[in-house]
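Asker: My questions all concern the structure below.
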Amino acid sequence: MAERNDSPTERRRELLAGMRATLPLMAGVIPFGIIFGAMSVAGGIPAGIAGAMSAFVFAGSAQLIAAGLLSSGAGIVVVITTTFFVNLRHNLYAATLAPHVGNLPQRWLLALAFWLTDETYLVVIRRYAQHDRSPYKHWFHLGSALTMYGSWQVSTWLGIWAGGSIPNPAGWGLDFALPATFIGMLVPLIRGRSMLVCVTVAGALSLALNTLPNQFGMVIAVCAGALAGSLTQ
């Protein structure tokens, strides 16, 4: 997608709009980042490693699951397999975003792919779906992504500091912010029978199989939900 050099104001406007659209979601992201940082150091993961996970992995749910598995002594194969299945949803995000970003230069695609999160997807897919002909919607995408990335780094280090100062960080109850945020994001996107079946099956199984070790219940729920949704299309 070619960019016009004479429209810095429009690019800046899109960038700031993406940031503003993402700010309300920080109510769920910041507590989640704090929980990750605190649980990581409380579980014996060095602060530098926990900070590096947020900086270079930048996948909140996968990071939290990996931290829990590593703290419990799970093997690296279990950690990789579990986080792989948890993050399969990003393939679906990428498939729906591809028609909107396919013409961008490679440097843009690499950056936006790395910074893609559930929250950013929620706000940017709505912007891309709007029918105006702005050639700078990817700047809106960038604004959302940078807001998410910055807040995740800050909240992770707040959690790392708090985890070394306050016992039993998991007992704060802040972890409820994550499922509440996901539910709030998911419900408006449920359209059609197949999506409803997918969500219902995955949600029911994740609750029923919650006691399975090493988050295997979540892996089964993700696979079963996707299969059920595909079969009902």
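The values are calculated or read from the model by the stated rules, or taken from the named source; none is laboratory data. None of the values given here were measured: they were computed from a predicted structure. Glycine also receives a Cβ, built like all others from the backbone with ideal geometry; neighbour counts cover every protein chain displayed. What goes into the accessible areas is simple: the full protein's heavy atoms, side chains included, and nothing from ligands, DNA or RNA. Shrake-Rupley method; radii C 1.70, N 1.55, O 1.52, S 1.80 Å.
Asker: Just need a number here: residues in region 206-233 that are more than 19 Å from the chain's Cα centre (by Cα) and either open to solvent by 50 Å² or more (accessible area, probe 1.4 Å) or on the phi > 0 side of the Ramachandran plot (or both).
Answerer: Qualifying residue count for the region: 13.
Asker: At least 3 residues that are free of Cβ contacts under 8 Å to residues at least 40 places away in the same chain in each: list the helices (runs of 4 or more DSSP H) lying fully within region 100-163 that qualify.
Answerer: Of the helices (runs of 4 or more DSSP H) lying wholly inside region 100-163, those with at least 3 residues that are free of Cβ contacts under 8 Å to residues at least 40 places away in the same chain span 106-114, 118-129.
Asker: So, one more: Just name the residue that is farthest from residue 76 (Cα to Cα) out of those in region 194-205 that are among the aliphatic types (A, V, I, L, M) and crowded, with 17+ Cβ neighbours inside 10 Å.
Answerer: Applying the filter and picking the extreme gives 197.
Asker: Here's something else I'd like to know. When both residues are 6+ apart or on different chains and their Cβ atoms are under 6 Å apart, which pairs have a first residue that lies in region 189-217 and is in contact (Cβ under 8 Å) with a residue 40 or more places away in the chain, and a second that is part of a loop (DSSP other than H, G, I, E, B) and small (Gly, Ala, Ser)?
Answerer: Sorted first by the residue in region 189-217, then by its partner, the pairs are 214/74.
Asker: Looking at 94, 55, 50, 66, which is the one that is open to solvent by 40 Å² or more (accessible area, probe 1.4 Å), small (Gly, Ala, Ser) and part of a helix (DSSP H, G or I)?
Answerer: 94
Asker: Of all the residues that make up region 12-47, how many are more than 13 Å from the chain's Cα centre (by Cα), open to solvent by 10 Å² or more (accessible area, probe 1.4 Å) and among the β-branched types (Val, Ile, Thr)?
Answerer: The number of residues fulfilling the criteria is 3.
Asker: Still on this structure, please answer the following. Which condition number does residue 67 fail, the rest of (1) touching a Ser or Thr at 6+ places or on another chain (Cβ under 8 Å); (2) more than 16 Å from residue 218 (Cβ to Cβ); (3) at pLDDT 85 or above being met?
Answerer: Status for residue 67: all satisfied but (2).
Asker: When residue 77 is evaluated against the numbered criteria (1) open to solvent by 80 Å² or more (accessible area, probe 1.4 Å); (2) under 19 Å from residue 144 (Cβ atoms), which criterion, by number, is the only one it fails?
Answerer: Every listed condition holds for residue 77 apart from (2).
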